[in-house]
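Q: What follows is a structure written as structure tokens; I'll ask about it next.
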Amino acid sequence: MQTQQLQETTWKTQYPFKSNFLNIDGVKLHYIDEGQGEAVIMLHGNPTWSFFYRNVVNELKKNHRCIVPDHIGCGLSDKPQDYDYTLENHISNILKLIEELKLESFSLIVHDWGGAIGMGVATRLPSKVKRMTIMNTAAFLSQEIPFSISICKLPLIGEKIVRNFNAFAWPATFMAVEKKLPKEIKEGFLHPYNNYENRIATARFVKDIPLNTNHVSFNTLKEIEEKLPTVTCPKLFLWGAKDFCFTLNFLKRWRDFFPSDKYVILENAGHYLMEDETERCMQEIKGFFNEHSQSN
């Protein structure tokens, strides 16, 4: 018990935020709500959680209201075993949070699955989104998927591998970075996914990648892709060039949709770019927010 408490205290020093919860049909969505000013919603991907944005929150909360949810099944949110873990439901949950908090406008920072979820929000509420920071993600259909992730999508055995052996969150702590994570940061990333039941969303997010027209999330993602041109707010694309998953090919696709926005490539960063290049990422995000403050 003492060892467990020591470990929690260690990573919690990196995450000193108050917990808030939104009850959605009996399931609790956890989120942090720090600072005051213009609202900034930060959406994580798989297999991270709001812990991924801890440094951005500490930087932006000085002048902004930072709202960072954990998707259902992730982080400190409930992890129901009978939940429908689909793109549409994740988008719907964020829309409900926006409604609950009565946000008339907000900015978005997105990463990994947070990109599809965030663009799902943005394409439905384009007039409310003031600016976006987009990091190593996609919000369009693609057949490009790493072999290591495709294994986790295999019927029958894919989910068992992920949930029994933590074969998504644990490998990400070294595959998604170019620099070795400090012990307490690695513990923070892994904390919510410490047993079979708690790994359900990490498995279901992989399962929810739509690669064919029969997939339950195919039409949702297709509609988001078709409506991307309606998202006209200023955008910063901040990209880890050594990402094994969201490669530079994805960044090229983004340029097709948004050729006039700002693109910053971090040559020595991987998928968890804010761990590899923390200071540079904070500098770019803060500069972008200052540049477009109250301008829209």
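The values are calculated or read from the model by the stated rules, or taken from the named source; none is laboratory data. Bear in mind that the values here come from a model prediction, so they are computed numbers and not experimental data. Cβ atoms come from the backbone with ideal geometry, glycine included; neighbour counts cover every protein chain shown.
Q: Check the range 220-230 and report whether any residue there is hydrophobic (A, V, I, L, M, F, W, C), over 24 Å from Thr86 (Cα atoms), modelled with pLDDT of 95 or more and out of contact with any strand residue (DSSP E or B) (no Cβ under 7 Å at 6 or more places or on another chain).
A: Within the range 220-230, not a single residue is hydrophobic (A, V, I, L, M, F, W, C), over 24 Å from Thr86 (Cα atoms), modelled with pLDDT of 95 or more and out of contact with any strand residue (DSSP E or B) (no Cβ under 7 Å at 6 or more places or on another chain).
Q: Let me ask another. Please find, within the range 240-266, the residue that is farthest from Ile185 (Cα to Cα) out of those that are acidic (Asp, Glu) and either touching a Lys or Arg at 6+ places or on another chain (Cβ under 8 Å) or surrounded by 18 or more Cβ atoms within 10 Å (Cβ to Cβ) (or both).
A: Asp261
Q: Still on this structure: Mind listing whichever residues of the range 73-84 are surrounded by 24 or more Cβ atoms within 10 Å (Cβ to Cβ) and at negative phi?
A: Correct list: Cys74, Ser77.
Q: Something else about it: How many of the residues in the range 245-265 are touching a residue at least 12 places away in the same chain (Cβ under 8 Å) and among the acidic types (Asp, Glu)?
A: Final tally of qualifying residues: 1.
Q: I'm checking my understanding of the structure. Among residues of the range 165-199 that are charged (D, E, K, R) and closer than 15 Å to Phe52 by Cβ, which one is surrounded by the fewest Cβ atoms within 10 Å (Cβ to Cβ)?
A: Taking the candidates together, the pick is Glu184.
Each row is one residue, and each column tells you yes or no for (1) under 30 Å from Pro155 (Cβ atoms); (2) in contact with a Ser or Thr (Cβ under 8 Å, 6 or more places away or on another chain).
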| position | (1), (2) |
| --- | --- |
| Tyr196 | yes, no |
| His215 | yes, no |
| Ile224 | yes, yes |
| Thr230 | no, yes |
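Q: Taking only the range 125-147 into account, find how many residues are over 17 Å from Leu251 (Cβ atoms) and either crowded, with 20+ Cβ neighbours inside 10 Å or in contact (Cβ under 8 Å) with a residue 40 or more places away in the chain (or both).
A: 4
Q: Just the residues that are touching a Pro at 6+ places or on another chain (Cβ under 8 Å) and either at pLDDT below 95 or farther than 25 Å from Glu275 by Cβ (or both), please, taken from the range 144-199.
A: Answer for the range 144-199, where residues must be touching a Pro at 6+ places or on another chain (Cβ under 8 Å) and either at pLDDT below 95 or farther than 25 Å from Glu275 by Cβ (or both): Ser148, Phe168.
Q: Scan the range 92-112 for residues that are assigned to a loop (DSSP other than H, G, I, E, B) and touching a helix residue (DSSP H, G or I) at 6+ places or on another chain (Cβ under 6 Å) and jot them down.
A: Answer for the range 92-112, where residues must be assigned to a loop (DSSP other than H, G, I, E, B) and touching a helix residue (DSSP H, G or I) at 6+ places or on another chain (Cβ under 6 Å): just Ser105.
Q: Does Lys62 meet the test of being closer than 17 Å to Gly26 by Cα and surrounded by fewer than 20 Cβ atoms within 10 Å (Cβ to Cβ)?
A: So Lys62 does not fit the description; no.
Q: Tally up the residues in the range 173-188 that are among the basic types (Lys, Arg) and assigned to a helix (DSSP H, G or I), please.
A: Adding up the residues that qualify gives 2.
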